[in-house]
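Notes follow once the structure below has been shown.
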Amino acid sequence: MTIERLTPGSDLQAYPPAERWDDWPEYDVKQWPRRVEKRYMLVPTICFNCEAACGLLAYVDKQTMRVRKFEGNPLHPASRGRNCAKGPATINQINDPERILYPLRRAGGRGEGKWRRVSWDEVLDEIGGRIRKAFLDGRRNEVMYHVGRPGHERVMDRILKAWRIDGHNSHTNVCSASARLGYALWSGYDRPSPDHANARFILLLSSHLEAGHYFNPHAQRIIDGKLAGAKLAVMDPRLSNTASMADYWLPTYPGSEAAVLLAMAQVILDEGLADLEYVEAWTNWRQYMADAHPGEEPTFASFLAALKQHYRDYTPAFAEAESGVPRDKIVEVARLIGRARGAFASHVWRGTASGNLGGWQVARALQLLTVLTASMGTRGGTSPHGWNKYKPVFWEEPPGQKEWNELLFPKEWPLSHYEMSFLLPHFLKEGRGKLDVYFTRVYNPVWTNPDGLTWMEVLRDESLVGLHAALTPTWSETAAFADFVLPMGHSGERHDIQSQETQSGRWVSFRQPVLRAARERLGESHRYTYETNPGEVWEEDEFWIELSWRIDPDGSQGIRRWFESPYKPGEKLTVSEYYQWIFENAVPGLPEAAAKDGRTPLEYMRRYGAFLIEKDVHGLDRKSVAVPPDAQTDPATGIVSAGGKAVGVKVGEEVVAGFPTPSRKLEIFSRTLKDWGWPEEAMPGYIRSHVHRAEMDPVKGEMMLLPTFRLPTLIHTRSGNAKYLNEISHRNPLWIHTEDAERLGIVTGALVRVTTEIGHFVNRAWVTESIAPGVVACSHHLGRWRLHEGEGSRWSSPRVSITRQGDGWLVRQLEGLGPFESPDPDSSRIWWSDGGVHQNLTFPVHPDPVSGMHCWHQKVVVSRARPGEDRYGDVFADTNRSMQVYREWLAKARPGPGPGGLRRPLWLDRPLRPADEMFRV
Ligand code: SF4
């Protein structure tokens, strides 16, 4: 094919065909109108700019061997060649003239902004030696890895288990832990996988078409579903872009969503729309009857009567009063959901679940609709995520660690779904422990988490955090308080396996360093990825292998052996061998597909970047299981066990897989909640939020702040140095309803002060009818800052000062954004001066007493800014007051241990699961 044939009217191709990826011609756009041909090698990789793992194709200029651009990979089964704006912006991140290219070590006090370049050897020797000493001293709980964006599958679990530490911390409790707990309590799987493309009715409790979980792949399939006739409803207090595309917009008052969902359940039950056969066969209703109605006959008919009685108060009128959504609309949508029987797809991820006290019950209430309509795991329904996600296995798995770190899973939150990550500084301040080596990895808690100034105080304190190493591809507000800043690769500069539950299928994709792959196609051989990356940018796989060898140089600690080659015993594992083994041995169907293509499995993945393992995965719960001869069946529950472990459940006459719950069924009644101190929440329910209208004092002018939505064009931290994205989005005004604005005398563009429990921020107003009265909203992902020159991106981050003011800290912008000189001529063309306003610093922590999730929504007072005192972008927070609020929420928790002296139910997983005996106190 020649360039001339790629013209309209001939056989225009949407994407370069894979057989031409070694040599692809395109005209150089900068030479237009001259037709100057450039030749490219196209190398697949995976986007790292959100969790969705869409495919990218790097265009490597064959003359310069530099990446010219990133476009979509048409062979990726989830993204199918399409990306959001953040995918192609990877090129900005790679070419940013201000990116970190060499390891840095602080040369002054923490946070003073003084740095010197060091060698990787110095880094590895110092950190490795310090960890070795901590291990030899028996201080394993003082080593912690804290991750923001993972972007890989299971690799860190294996590393930390090999180190035998309980040291995995994540960002999940400021993100999705609440919804995850709700889902896990139903089915044992903590995420839903809606089959949007085949649904008859889709209900979204967040803005999935523009920003929600697995945004681009899901958005494609929601539109596929709509084009095939599905109706779409969106529950969102904001008129988001997603809501604007919906057939039904349900603008619920924040936190009232579970009330609306339960009212819908009532309509479905009352109007005979529920699939009762399914409910009878697949829920643990017998357990509910035995527990809640022990005197009654345990028939399904009596259960049904009890169920209706249980939800009798959740009428559409009640839901209207709570949510503000008219009851007729609630009934209409409920009927459509009921009639979609077997093909009701839904999702709640962050949004209301992460905003509100008891948000995990929203996921429970939503799943109730899935179960009533028999849409669990069906074509067009909602499957458990585990059916649609690939997880690699390794040639050898280290055993579960014999440690339990109470800084991660403290006794107060025995059911917390993930680590109590955002309370780490509060725990350290309280004297619950200390850290000797603390890794933050693509994680920016000072800026991302609530109460970031408490994080700053703790990170400055060397008696609490002995050594802080920030592994990051870009500068961040947290890296400014590190001892080492270690540059790690962007998506085209590292290896990872990723797979997500984006559709009713299972796929695996391969992130790879594209320049290394391109050079290897030309016959070069490279031992390390940093040989082809810019500067001395490493990839983390190689960092952890090297570090593990330095922790245990002679193998005497039993660590090094896990980082030896599966092909050459005793030799150091290479990153190619790591992926070679997985692709050869642990991806069903890949070796055969590769052989058909005349390649090894690794060559196949390097060439195409992704592999579809299976499509149309449904009904795995109903799959027959082989019953071992020594198996026993419990006559009361139907659970079939062998060797002390459940292997299936009897449904009718058949033994099928069921779900990984204690009952092997869908748990409409949670014995776990009852046994662990929450009997009143054992059924899907509605918990009034901490920002319920009844909590607001109108005399004080209190309103509800919704701070959880994001713009589709921004990433948390990593978009800071993406010039395309900052040009598109660089301000985040406060949405305020017309009526509220009139009452307060506020017009669009006016400066307003938003006062929280611990401080305030100053922003401009946007007066709109796209938000409910009494609610204000402000998007996150903006309001970046840099404390010192060279410590942040000038595309996005105004320089600030952070100074003491009374019992708190004042963050004040010293100068806005503007043009600057750099090797990139675009930096002198910056026309915007605004970088938005930060808000999270002014939020105290609100740990939900059950899920442990930070409840993001805030009770605030909005007023006009104070002349002469307030400046745009000001942020003030009182960290003493924030510790008080922490203690107020701590008092809501109901500590363990639970039944049998357990710290946590054995059946509830943990991200890095210790040995079972560690669950006991
Ligand atoms: S949705 Fe956008 S940011 Fe997320 S992986 Fe896909 S292209 Fe990247």
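Inspection of the stretch 897-916 finds no residue satisfying the criterion of being part of a strand (DSSP E or B) and touching a His at 6+ places or on another chain (Cβ under 6 Å). Quick check: is even one residue across the stretch 27-37 of a type in the set (K, R), touching a Phe, Trp or Tyr at 6+ places or on another chain (Cβ under 6 Å), more than 13 Å from the ligand (Cβ to nearest atom) and modelled with pLDDT under 95? There is at least one residue in the stretch 27-37 that is of a type in the set (K, R), touching a Phe, Trp or Tyr at 6+ places or on another chain (Cβ under 6 Å), more than 13 Å from the ligand (Cβ to nearest atom) and modelled with pLDDT under 95. Only one of the listed residues (M696, M703) is among the aliphatic types (A, V, I, L, M), surrounded by fewer than 20 Cβ atoms within 10 Å (Cβ to Cβ), within 30 Å of G836 (Cβ to Cβ) and more than 27 Å from the chain's Cα centre (by Cα). That residue is M696. The residues of the stretch 721-743 that are farther than 26 Å from R786 by Cβ and surrounded by fewer than 17 Cβ atoms within 10 Å (Cβ to Cβ), listed by number, are T738, E739, E742, R743. Taken as a whole, the condition of being over 30 Å from R903 (Cβ atoms) and touching a strand residue (DSSP E or B) at 6+ places or on another chain (Cβ under 8 Å) does not apply to V845. Residues that are open to solvent by 70 Å² or more (accessible area, probe 1.4 Å) and polar (S, T, N, Q) number at least 1 in the following helices (runs of 4 or more DSSP H) confined to the stretch 554-625: 575-585.
Does W766 count as among the aromatic types (F, W, Y) and assigned to a strand (DSSP E or B)? Against the criterion (among the aromatic types (F, W, Y) and assigned to a strand (DSSP E or B)), W766 qualifies. Selection of the stretch 137-171 for residues being at pLDDT below 95, small (G, A, S) and touching a strand residue (DSSP E or B) at 6+ places or on another chain (Cβ under 6 Å) yields only G151.
Listed here are the residues, each with its yes/no results for (1) under 30 Å from H854 (Cβ atoms); (2) of a type in the set (V, I, T); (3) touching an Asp or Glu at 6+ places or on another chain (Cβ under 9 Å).
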residue: I330; (1), (2), (3): yes, yes, yes
residue: A334; (1), (2), (3): no, no, yes
residue: R339; (1), (2), (3): no, no, no
residue: A345; (1), (2), (3): yes, no, yes
residue: T370; (1), (2), (3): yes, yes, no
residue: T382; (1), (2), (3): yes, yes, yes
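Residue check: F215 meets all listed conditions (1) within 16 Å of the ligand (Cβ to nearest atom); (2) open to solvent by less than 10 Å² (accessible area, probe 1.4 Å) but one, namely (2). Of the residues making up the stretch 507-543, those that are among the charged types (D, E, K, R) and open to solvent by less than 50 Å² (accessible area, probe 1.4 Å) are R511, R516, E539, E540, D541, E542. For the stretch 131-162, the set of residues classified as more than 25 Å from P553 (Cα to Cα) and either among the charged types (D, E, K, R) or open to solvent by less than 20 Å² (accessible area, probe 1.4 Å) (or both) consists of V147, G148, R149, G151, E153, listed by residue number. Summed over the stretch 276-301, the residues that are open to solvent by 20 Å² or more (accessible area, probe 1.4 Å) and hydroxyl-bearing (S, T, Y) give a count of 1.
Restricting T713, T756 to residues that are open to solvent by 20 Å² or more (accessible area, probe 1.4 Å) and hydroxyl-bearing (S, T, Y) narrows the list to T713.
Within the stretch 443-471, the residues that satisfy the criterion of being without any contact (Cβ under 8 Å) to a residue 40 or more places away in the chain and either surrounded by 24 or more Cβ atoms within 10 Å (Cβ to Cβ) or among the hydrophobic types (A, V, I, L, M, F, W, C) (or both) are V446, W455, V458, L464, V465, A470. The number of residues in the stretch 770-825 being free of Cβ contacts under 8 Å to residues at least 60 places away in the same chain and of a type outside the set (A, V, I, L, M) comes to 12. Taking the stretch 663-682 as the range and being surrounded by fewer than 19 Cβ atoms within 10 Å (Cβ to Cβ) and assigned to a loop (DSSP other than H, G, I, E, B) as the test, the residues that pass are G677, W678. When every residue of the stretch 869-884 is checked against the conditions, at least one turns out to be open to solvent by less than 10 Å² (accessible area, probe 1.4 Å), modelled with pLDDT of 95 or more, touching an Asp or Glu at 6+ places or on another chain (Cβ under 6 Å) and within 24 Å of N356 (Cβ to Cβ). With respect to the stated conditions, R238 is farther than 30 Å from R664 by Cα, modelled with pLDDT under 95 and either away from the ligand (no atom under 16 Å from the Cβ) or within 21 Å of the chain's Cα centre (by Cα) (or both).
Sub-6 Å Cβ pairs linking a first residue in the stretch 201-214 that is closer than 17 Å to G380 by Cα to a second residue that is within 14 Å of the ligand (Cβ to nearest atom) and assigned to a strand (DSSP E or B), at least 6 apart or interchain, number zero. The set of residues from the stretch 322-353 being open to solvent by less than 10 Å² (accessible area, probe 1.4 Å), in contact with a Phe, Trp or Tyr (Cβ under 8 Å, 6 or more places away or on another chain) and either aliphatic (A, V, I, L, M) or at pLDDT below 95 (or both) comprises V333, I337, A340, A343, A345, A353. Among the residues of the stretch 789-825, those identified as within 20 Å of K114 (Cα to Cα) and surrounded by fewer than 14 Cβ atoms within 10 Å (Cβ to Cβ) are E789, G790, S801, T803, L814.
In the set S641, S689, only one residue is open to solvent by less than 20 Å² (accessible area, probe 1.4 Å) and of a type in the set (S, T, Y); that residue is S689. With respect to (1) closer than 23 Å to P392 by Cα; (2) open to solvent by less than 20 Å² (accessible area, probe 1.4 Å); (3) part of a strand (DSSP E or B), the lone exception for F659 is condition (3). Among the residues of the stretch 51-109, those that are closer than 19 Å to R718 by Cβ and of a type in the set (A, V, I, L, M) comprise A52, A53, L56, A58, V67, A85, A89, I91, I94, I100, L101, L104. All of L424, L366, L428 fail the test of being within 21 Å of T672 (Cα to Cα), touching a residue at least 24 places away in the same chain (Cβ under 8 Å) and outside any loop (DSSP other than H, G, I, E, B), apart from L366. Scanning the stretch 449-456 for any residue that is within 17 Å of S882 (Cβ to Cβ) and among the polar types (S, T, N, Q) turns up at least one such residue.
Check the stretch 180-202 and report whether any residue there is within 30 Å of R693 (Cβ to Cβ), open to solvent by less than 10 Å² (accessible area, probe 1.4 Å), modelled with pLDDT under 95 and hydroxyl-bearing (S, T, Y). No, every residue in the stretch 180-202 fails to be within 30 Å of R693 (Cβ to Cβ), open to solvent by less than 10 Å² (accessible area, probe 1.4 Å), modelled with pLDDT under 95 and hydroxyl-bearing (S, T, Y).
The values are calculated or read from the model by the stated rules, or taken from the named source; none is laboratory data. What you are looking at is a predicted structure, and each value in this text was computed from that prediction instead of being measured. Backbone-built Cβ (ideal geometry, glycine too); neighbour counts: all protein chains shown. Accessible surface is based on the protein model in full, side chains and every heavy atom, while ligands, DNA and RNA are left aside. Shrake-Rupley method; radii C 1.70, N 1.55, O 1.52, S 1.80 Å.
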